[in-house]
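Accompanying notes for the structure given below.
The values are calculated or read from the model by the stated rules, or taken from the named source; none is laboratory data. Here the structure is a predicted model, which is why all the values come from computation and not from measurement. Cβ placement follows ideal geometry from the backbone for every residue including glycine, while neighbour counts extend to all protein chains displayed. Heads up: the accessible areas ignore ligands, DNA and RNA and are worked out on the full protein's heavy atoms, side chains in. Shrake-Rupley method; radii C 1.70, N 1.55, O 1.52, S 1.80 Å.
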Amino acid sequence: MADRYLTVSLDRRGARCTARLLDDRAPAACAAVWGALPLSGEVYHAKYARNEVYALFPPFADAEPPLENPTVTPIPGDLCYFTFSGEQLGTASHGYGVARPGPVTVDLALFYERNNLLLNGDTGWVPGIVWGEVVQGLGEMAAACQDLWRTGAAGETLSFRRA
């Protein structure tokens, strides 16, 4: 299979990067995401994992992918896929208010800098599926993500589109 690429962007800030899907390491997650593109949602900056931006989506795969190519220590440029139940996201410390509707919420994340650890004080380890890697434009995205951390995420969207 030929390499497949997507664009990840912070739309209001006009920042974007290009990522390669890791079809050889996370085939089920890559198939699920690729089949659902384009995806766009309200962006959040991580509270626990450090240097991460993400968006939450209703489930879009026929079946949620297994934990393939897992990590709890994502590196800069990793794209990760997480699946959470509404109850998992419903704790007050997460800041979403009440439990999210539906049995499953999908979290698509971009890690933009070093020293990330997927350890949540409420639930413990939170392994994610590494399904893509940024191959171009990480510096621009990292600067925009840092700006998002400092000035706020209100009104910003994180988008994933076929390149």
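Within the stretch 111-129, can you find the residues that are closer than 20 Å to Glu68 by Cα, crowded, with 16+ Cβ neighbours inside 10 Å and not hydrophobic (A, V, I, L, M, F, W, C)? Walk me through it before giving the result.
Step one: list which residues in the stretch 111-129 are closer than 20 Å to Glu68 by Cα, which gives 111, 116-119, 124-129.
Those left that are additionally crowded, with 16+ Cβ neighbours inside 10 Å: 111, 116, 118, 126, 128-129.
The answer is Asn116, Gly128.
Residues in the stretch 121-137 that are touching a Leu at 6+ places or on another chain (Cβ under 9 Å) and closer than 20 Å to Asp11 by Cα: how many?
Adding up the residues that qualify gives 3.
So which residues in the stretch 113-163 are under 13 Å from Thr18 (Cα atoms) and in a loop (DSSP other than H, G, I, E, B), if there are any at all?
Of everything in the stretch 113-163, those that are under 13 Å from Thr18 (Cα atoms) and in a loop (DSSP other than H, G, I, E, B) turn out to be Gly137, Ala163.
Take Leu117 and decide whether it is modelled with pLDDT of 85 or more and touching a Ser or Thr at 6+ places or on another chain (Cβ under 8 Å). Steps first, answer last, please.
Details: modelled with pLDDT of 85 or more: yes; touching a Ser or Thr at 6+ places or on another chain (Cβ under 8 Å): yes.
So Leu117 passes the test.
Go through the stretch 56-80 residue by residue and tally those that are within 19 Å of Val8 (Cα to Cα) and not in a loop (DSSP other than H, G, I, E, B).
5
Among the residues of the stretch 130-149, count how many are among the hydrophobic types (A, V, I, L, M, F, W, C) and open to solvent by 60 Å² or more (accessible area, probe 1.4 Å). Step through it out loud before you land on a result.
Going residue by residue through the stretch 130-149, those that are among the hydrophobic types (A, V, I, L, M, F, W, C) are 130-131, 134-135, 138, 141-145, 148-149.
Next, only the ones that are open to solvent by 60 Å² or more (accessible area, probe 1.4 Å) stay: 135, 143, 149.
Of the residues in that region, 3 qualify.
Does Thr18 count as open to solvent by 40 Å² or more (accessible area, probe 1.4 Å), among the hydroxyl-bearing types (Ser, Thr, Tyr) and modelled with pLDDT of 95 or more?
Details: open to solvent by 40 Å² or more (accessible area, probe 1.4 Å): no; among the hydroxyl-bearing types (Ser, Thr, Tyr): yes; modelled with pLDDT of 95 or more: yes.
So Thr18 fails the test.
Could you please find all residues in the stretch 24-55 being part of a loop (DSSP other than H, G, I, E, B) and open to solvent by 30 Å² or more (accessible area, probe 1.4 Å)? Before the answer, list the steps.
Quick first cut of the stretch 24-55, residues part of a loop (DSSP other than H, G, I, E, B) only: 24-26, 37-38, 46-51.
Matches in the stretch 24-55: Asp24, Arg25, Pro38, Lys47, Tyr48, Arg50.
Which residues, taken from the stretch 21-77, are within 14 Å of Val106 (Cβ to Cβ) and of a type in the set (Val, Ile, Thr)?
Scanning the stretch 21-77 gives a single hit, Val33.
How many residues, within the stretch 118-163, are closer than 15 Å to Ala46 by Cβ, aliphatic (A, V, I, L, M) and in contact with a Pro (Cβ under 9 Å, 6 or more places away or on another chain)?
Looking only at that region, the number is 2.
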